[in-house]
């Protein structure tokens, strides 16, 4: 028998066993039934924006003819290209250095009641046709979320809970996608086009298993709003409002994109949140 080979094999098996024993689970459920998905470190480009525009046909000249098949002149195409280049943004790189757990779903009315003992939501009782407890909590301000988190941390002293930063939220919502979401994917995964919120988890999850990152309710994040259309590479340390991400059930489809950088307070009854649980 080749003793060195056996020792090497045993060593590899020990390493694999140790890795399996101490590896983080991809999902975790806490004591009040909140489910979390583990998000590993990585990077993305934030704020990249390339407006669409009609490209000039591949012919030598474009006449100003009233031919309906060719209504634009060569100058029209050149002006459109110039304007788009002025508005386009290359974005900036963002690195997520540490792993974290984030809510698989938006915080539900049942979970809010379990922690806070009351329910501020508009869509409960006869306002919905199914289990209101499984709808996301709404009509919560950013300050309300901080009260919820303080009580949740007091209930579960083994973990620390907080709102995600805007970049943590966007990184998790993108689930590895570098480009913006397609219209087809929006309708498959975004809870939109209804008169009320819906039960969480009814649409297709993203590639990392998160539900309703687009649609259902806008979601509070930790960062202050910078009073701009796009996020800054370094978030502001103060401000009048906080950032909202993800659009809502009654929002415009144009907002159902990872890059939407909106601000509170919103309508109230279409604003909720999801929670980050820090890794140990």
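The values are calculated or read from the model by the stated rules, or taken from the named source; none is laboratory data. Quick caveat, the model's predicted, so the values are computed rather than measured. So basically every Cβ, Gly included, is an ideal-geometry build from the backbone, and we count neighbours across all protein chains shown.
Remarks
- Against the test of being surrounded by fewer than 19 Cβ atoms within 10 Å (Cβ to Cβ) and in contact with a strand residue (DSSP E or B) (Cβ under 7 Å, 6 or more places away or on another chain), the options 165, 197 yield a single qualifying residue, 165.
Residue by residue, here is whether (1) farther than 19 Å from residue 28 by Cβ; (2) without any contact (Cβ under 8 Å) to a residue 40 or more places away in the chain holds:
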residue: 143; (1), (2): yes, yes
residue: 151; (1), (2): yes, yes
residue: 157; (1), (2): no, yes
residue: 163; (1), (2): no, no
residue: 166; (1), (2): yes, no
residue: 170; (1), (2): yes, no
residue: 176; (1), (2): yes, no
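- With respect to the conditions (1) in contact with a strand residue (DSSP E or B) (Cβ under 7 Å, 6 or more places away or on another chain); (2) modelled with pLDDT under 95, residue 222 falls short on a single one, namely (2).
- Hits in the stretch 237-252 (condition: more than 25 Å from residue 190 (Cα to Cα) and exposed (fewer than 14 other Cβ atoms within 10 Å of the Cβ)): 237, 238, 240
- Taken over the stretch 180-196, the criterion of being touching a residue at least 24 places away in the same chain (Cβ under 8 Å) and within 17 Å of residue 252 (Cβ to Cβ) is satisfied by 180, 181, 183, 186, 189, 190, 191, 192, 193, 194, 195.
- Selection within the stretch 122-139 - under 24 Å from the mean Cα position of the chain (by Cα) and surrounded by fewer than 24 Cβ atoms within 10 Å (Cβ to Cβ): 122, 123, 132, 133, 134, 139
- Count of residues meeting criterion [assigned to a loop (DSSP other than H, G, I, E, B) and over 25 Å from residue 34 (Cα atoms)] in the stretch 239-256: 6
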